[in-house]
Structure formats: C-alpha cells, structure tokens
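Trainee: Here you go, one structure.
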Amino acid sequence: MSSSKLRVGLIGASGETGTSIVNGLLEANKFDLIALTRPSSLTKPINKALESRGISLRPFDLTSPQPDLVASLKDLDVLISSLPPHDLLSPIPLITAAKTAGIKRFLPCAYAPVIPPGGIHIIIDQKEKVYQHMKQLRLPFTIVDIGWWFQLCVPRLPSGRSDYVQLTPSQNTIVGEGDTKSALTDLRDIGRYIARIIVDERTLNKYVFVYNELWTQNEMFALTEKLFGEKMERKFVQEGELRAKLEGVGDVVDLPTIATKVPVQYQLSLYVRGDNQPENAKYLGYLLGKDLYPDFEARSFEAYVKEVAGGKAKGIYEGRYEDLKKLFVKNK
Ligand SMILES: NC(=O)c1ccc[n+]([C@@H]2O[C@H](COP(=O)([O-])OP(=O)(O)OC[C@H]3O[C@@H](n4cnc5c(N)ncnc54)[C@H](OP(=O)(O)O)[C@@H]3O)[C@@H](O)[C@H]2O)c1
C-alpha cells in the first residue's frame, strides 16, 4: 500500500546534523524517510541502525552520472543535504539532478550561524556557491541556518570534567571583552525545527533562522563555573591576534586551510563582528523561527550544561575526523 506521507530523502543521515534531522522527522511521524547513503557506508552499524528504525537505505553516489542521480531522486518530494564542511561543492551535480527529478523542496547543507557571504568565512562562501547554482536553476528551496551548537560552547575546566564534549581548543577562549551576544541552538533541536519548516508554505524559497537562546561568552563561562562549582582560567584573545593567525593562509579548501581558518573566522564573525544575531538575520532577509513557531519548546543552554556536568551529555564526532582534530590542536 502506498503511503500518503511526504517522501523525504536525506544525504548525510548518519552525521551529527543528519542524526538530529532523522530524530526530528521520525518524532513528527509525518514523513517517509529515505537515507541516500554512500555505497561504501551501507553496512556501517550507524546506517544499519537507521534501517531498524524504519528508514529505507538507498545506495547513492554523488559522483554518479546525471541519469542515475535523477533516477534515485525521482520518487522524493523533499531532499535534505547535510554534508561535512570540507566536501561542500559535491552537491552541485546533485542540484542539477534534483531539478530534473522535480524535487519540490531542497534544503542545501546550511545549518550555519548567520554570516554574510563574501570573504568573512571560508565555509559560508563554499555554501554560497551551492546556493547560487540552486538559484540559477530555480530549484525550490529553503535555507535553514541555526546559529551555533550548544555542543560547541562549554569551556574546558581545570578538573577535565567537560573534556568529553570538547572539540576545538578555541572553546576555551574569550574573544575581546566577551560581551557579544550570539545565537545558540541545541544540536538535538535542529531536526525538530526542520520537521516544521518542510511542511510550511511560508518558508518555501526563503532563508529561515532558528535558534534557541542568545548568550555572551562571559555568560556561558559564568554559568559553567556555577553549574560545575569550579573556577576556570579565562584566555582572552583580541581581534589583532586572530587576524595575525590568518596572514598568509590561502583560499584552497583543504583540511590544513580549514583547520586554520574555520575556528578563527568563526571567532571573528561571531564575537568581533557580532554577525550571529537575530537582528542581523532579519536585516539579511531571513524569516525567524521565533516568529514562525512561537510555541516551539526549545532546549535551554542551562539544561545542556547541567547534562554535561552530570556526565550524561553525548560527545560529538566521537571516533571521527581524528586528523582534523589533531590539526586544530596543532594550530591552537
Ligand atoms: N552551526 C554549527 O554550530 C555547526 C557545527 C557543525 C557543523 N555545522 C554544519 O552542519 C553541516 C553538517 O555537518 P555535520 O558535522 O553534521 O556532518 P557530519 O557529522 O560530518 O556528517 C557527514 C555525513 O555526510 C555523509 N557523507 C560524507 N561525505 C559524503 C559524500 N561524499 N557523499 C555522501 N555522503 C557523505 C556521511 O555519511 P557516511 O560516512 O555514513 O557515508 C555522514 O552521514 C556542515 O555543513 C556544517 O557547516 C554547523
């Protein structure tokens, strides 16, 4: 019997954002989910686990010829891409195929803080190239940006009790005076927002900015000290020092360049320019999740830090990207 549910294809379903999207869409119980999975990854336990949750796994290779890509997308209504930051241009042929296949709504791999394109952040500029191709083909779309993950915001403590959720050394640094607000979202809420957005006509061919709360770095550090009952060292860094780290670094999108530029450019954008704020999102033309979904029950940053303090939070990228993590530490 054929289902009347919206058929949603997911690329990157096993990733961090992908997992949140899978959970959010399953919870909504309105969608048939198809994970478009690299053939080499089909047997990974994480993908097998998707199957056991009722998600169809479909072998899918972004480098396949156009007719094959189109055939794989033909029966889908919505297509959601959630690929890692260092492989962002591979969706270009995918977009061409999505247009031919008649996809009714494409969510490109966005899920970023609010940052205007054009030289401020290497990753945002990569994403922008994909958006331009999508717009040139007039593929129906929604771009969903989400601020900065809670999961990247808890600083390192002298006792090491928060080490299990640490990703980059810059997590322990305060930029400037530390009083610039930045929009934060719990990674686990992204999928719950997306479940609403993809059935909402108001968001078709629009940029949407969803976030849970606004926090300054000083506030995040103070809350962490309070909930862990520990004092921590504050490493202040100024704009000039950050800019010096970028001198002579090229624009090639490879791992060493990413490892140098990505954390520093985020620090400059979020905490020096103050880009990642709802007023700026509105100025740039985004619809705001807070206006669209006033009843959305978003997790709080305080609840997340309590989870970390209680040793119950889940780490991110566990057992993955070990080379990139080493480069982050080397560039500290
Ligand atoms: N705002 C924030 O704070 C924040 C933080 C982190 C990331 N992000 C954004 O979120 C987006 C998603 O990142 P993520 O960290 O969630 O991703 P991720 O965990 O690295 O997941 C990558 C997924 O893509 C799949 N994949 C990788 N290469 C592929 C390829 N060539 N073809 C098909 N599938 C491929 C992987 O599947 P298999 O390995 O199973 O094949 C995996 O499911 C990024 O673009 C990033 O900009 C935002």
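Trainee: At most 14 other Cβ atoms within 10 Å and a DSSP loop assignment: could you name the trypsin sites (Lys or Arg not before Pro) in region 87-148 that fit?
Mentor: Numbers: sites: Lys99, Lys104, Arg105, Lys127, Lys129, Lys135, Arg138; in loops: Lys104, Arg138.
Sites meeting the loop and neighbour criteria: Arg138.
Trainee: Give the carbon-plus-sulfur fraction of the accessible surface of region 199-251 in %, rounded to a whole number; probe 1.4 Å, heavy atoms of protein chains only. Could the numbers behind the result be given before it?
Mentor: On the way: 1510 of 2950 Å².
The value for region 199-251 is 51 percent carbon and sulfur by accessible area.
Trainee: Another question about this same structure. Got a number for carbon plus sulfur as a percent of region 71-186's accessible area, 1.4 Å probe?
Mentor: Numbers: 2030 of 3740 Å².
The value for region 71-186 is 54 percent carbon and sulfur by accessible area.
Trainee: Calculate, for the chain, the solvent-accessible area per residue in square angstrom, rolling a 1.4 angstrom probe over the heavy atoms of the protein chains.
Mentor: On the way: 14870 Å² over 332 residues.
Per residue, the chain has an accessible area of 45 Å².
Trainee: Now a separate question. Roughly what % antiparallel, to the nearest 5, for the DSSP beta bridges in the chain? Please list the in-between numbers first.
Mentor: Working: 3 of 32 bridges.
Roughly 10 percent of the DSSP beta bridges within the chain come out antiparallel.
Trainee: Using a 7 Å offset from the Cα along the Cα-to-Cβ direction at both Glu201 and Glu318, what is the distance between the two label points in nm, to one decimal?
Mentor: 4.4 nm
Trainee: Between Glu247 and Asp179, what is 0.36 nm times their sequence separation minus the Cα-Cα distance? Round to one decimal in nm.
Mentor: Roughly 21.9 nm would be gained on extension.
Trainee: Calculate, in nm to one decimal, what Glu233 and Tyr283 gain on full extension: separation in residues at 0.36 nm each, minus their alpha carbon distance.
Mentor: Numbers: separation 50, 0.36 × 50 = 18.00 nm, distance 3.64 nm.
Full extension of this stretch gives 14.4 nm more.
Trainee: Taking only Cα atoms and a 10 Å spring cutoff, compute GNM fluctuations for the chain and point out the largest among Ala28, Ala13, Ala259.
Mentor: Ala28
Trainee: Using the Cα gyration tensor of region 104-166, with a ≥ b ≥ c the square roots of its eigenvalues, what is the shape: rounded (a/c below 1.5), prolate (a/b larger than b/c) or oblate (neither)?
Mentor: On the way: a/c = 4.34, a/b = 2.49, b/c = 1.75.
It comes out prolate by the Cα gyration axes.
Trainee: At a Förster distance of 56 Å, what's the computed FRET efficiency of Glu225 paired with Arg138, Cβ-Cβ distance as r, to 0.05? Could you put the intermediate results ahead of the total?
Mentor: Numbers: r = 51 Å, r/R0 = 0.91.
The formula returns an efficiency of 0.65 here.
Trainee: Is region 62-158 best put as rounded, prolate or oblate by its Cα gyration tensor, with a ≥ b ≥ c the root eigenvalues, rounded for a/c under 1.5, and otherwise prolate when a/b is larger than b/c, oblate when not? Display every interim value, and only then the final one.
Mentor: Numbers: a/c = 2.29, a/b = 1.98, b/c = 1.15.
Since a/c reaches 1.5 and a/b is larger than b/c, the shape of region 62-158 is classed as prolate.
Trainee: Here's something else I'd like to know. Restricting attention to region 216-271, which GluC sites (Glu not before Pro) occupy a DSSP loop and are surrounded by at most 12 other Cβ atoms within 10 Å? Intermediate values should be presented prior to the final figure.
Mentor: Details: sites: Glu219, Glu225, Glu230, Glu233, Glu239, Glu241, Glu247; in loops: Glu230, Glu233, Glu247.
For GluC sites (Glu not before Pro) across region 216-271 that sit outside H, G, I, E and B with at most 12 neighbouring Cβ atoms in 10 Å, the list reads Glu233, Glu247.
Trainee: Given points 7 Å out from each Cα along the Cα-Cβ axis, report the Arg58 to Thr257 separation in nanometres with one decimal.
Mentor: Distance between the two pseudo-spin positions: 3.3 nm.
Trainee: Which residue fluctuates the most in the chain, going by a Gaussian network model with Cα springs under 10 Å, if the choices are Gly18, Gly250, Gly176?
Mentor: Comparing Gly18, Gly250, Gly176 in a Gaussian network model of the chain, the most mobile one is Gly250.
Trainee: Need one word for the chain: rounded, prolate or oblate. Basis is the Cα gyration tensor (sqrt eigenvalues a ≥ b ≥ c); a/c below 1.5 gives rounded, then a/b vs b/c decides.
Mentor: Values: a/c = 1.63, a/b = 1.50, b/c = 1.09.
Cα axes put the chain in the prolate bin.
Trainee: Related question: Relative contact order for region 6-330: what percent, with Cα pairs under 8 Å and sequence separation of 6 or more? Don't skip to the end; give the middle numbers.
Mentor: Working: 574 pairs, mean separation 61.7, N = 325.
Relative CO of region 6-330 lands at 19 percent.
The values are calculated or read from the model by the stated rules, or taken from the named source; none is laboratory data. Treat the numbers as computed from the prediction; the structure is a model and nothing was measured. Reconstructed Cβ throughout: ideal geometry from the backbone, glycine too, with neighbour counts over all protein chains shown. The area values use the complete protein model at the heavy-atom level, side chains included, leaving out ligands, DNA and RNA. Shrake-Rupley method; radii C 1.70, N 1.55, O 1.52, S 1.80 Å.
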